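In what follows, a structure is listed as structure tokens, so that the remarks can point back to it.
The values are calculated or read from the model by the stated rules, or taken from the named source; none is laboratory data. Quantities reported herein were computed from a predicted structural model and do not represent experimental measurements. Positions of Cβ are backbone-derived with ideal geometry, glycine not excepted, and every protein chain shown enters the neighbour counts.
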Amino acid sequence: MTELREFEVFMKNYQDMVYGTAMRLLGNQTDAQDIAQTVFLKAYEAFGNLATSKTPGGWLKTVTTNLCINHLNRYRNRWRFFSDMRSGDDDSEFVDSLAAPEQLDCALDDEQRRKLLHEALCKLPDSQRVPLVLFHFEDMPYDAIAEKLGISLSKVKTDIFRGRHSLKRFLKYRLDEADEASSA
């Protein structure tokens, strides 16, 4: 019974990191919760080794990232199948209509910035959000992202560039809204 208690403590120590990683990659609470649950089921199975490991957080982050990417690949393949059956309508991103930003300075506290960034990340399409999160939050180099996602290096760079641009426009738009609301 002590191993079960040890695992419970282990899980509590790492649950925020695992869920946060999944949430940033997937942008969906339900999917992130499912992935986090799967990660901890795998961790329970490997707990004998993890309990003595010097880097259990790294193992958990790697498993979380891999499960998220697998999930997104399955979703992308299903979407391709259905989108091939659609007419040629091109869905434009909501951020295309937003004004280009001049600067993103504002008087937001850390919690507000975190929420705003999370909201902005969730608005990005998977093709931009995942490479952006892997690069900026998981510190993966471009070539490792390309290999992990099974896409070209140039596509990774393009998707990260576009993701940054979309984030910047979205954040500028939201900050302008906040400024207008506070001055009214």
Give all pairs with beta carbons closer than 6 Å in which a residue from segment 124-146 that is assigned to a loop (DSSP other than H, G, I, E, B) meets a residue that is buried (at least 22 other Cβ atoms within 10 Å of the Cβ) and of a type outside the set (G, A, S); count only pairs at least 6 apart in sequence or on separate chains.
F137/R24; M140/L134
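Tell me whether segment 21-44 contains one or more residues that are modelled with pLDDT of 75 or more and more than 23 Å from the chain's Cα centre (by Cα).
Initial filter on segment 21-44 (modelled with pLDDT of 75 or more): 21-44.
Right, trim to more than 23 Å from the chain's Cα centre (by Cα) and you get 44.
Scanning segment 21-44 turns up at least one residue that is modelled with pLDDT of 75 or more and more than 23 Å from the chain's Cα centre (by Cα).
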In segment 138-163, what count of residues is obtained for those that are surrounded by 15 or more Cβ atoms within 10 Å (Cβ to Cβ) and within 18 Å of A120 (Cβ to Cβ)?
5
Residues of segment 25-50 being over 26 Å from E119 (Cβ atoms) and either loosely packed, with under 13 Cβ neighbours inside 10 Å or assigned by TED's automatic domain parsing to the domain that holds R129 (or both), in sequence order, are L41, E45, G48, N49
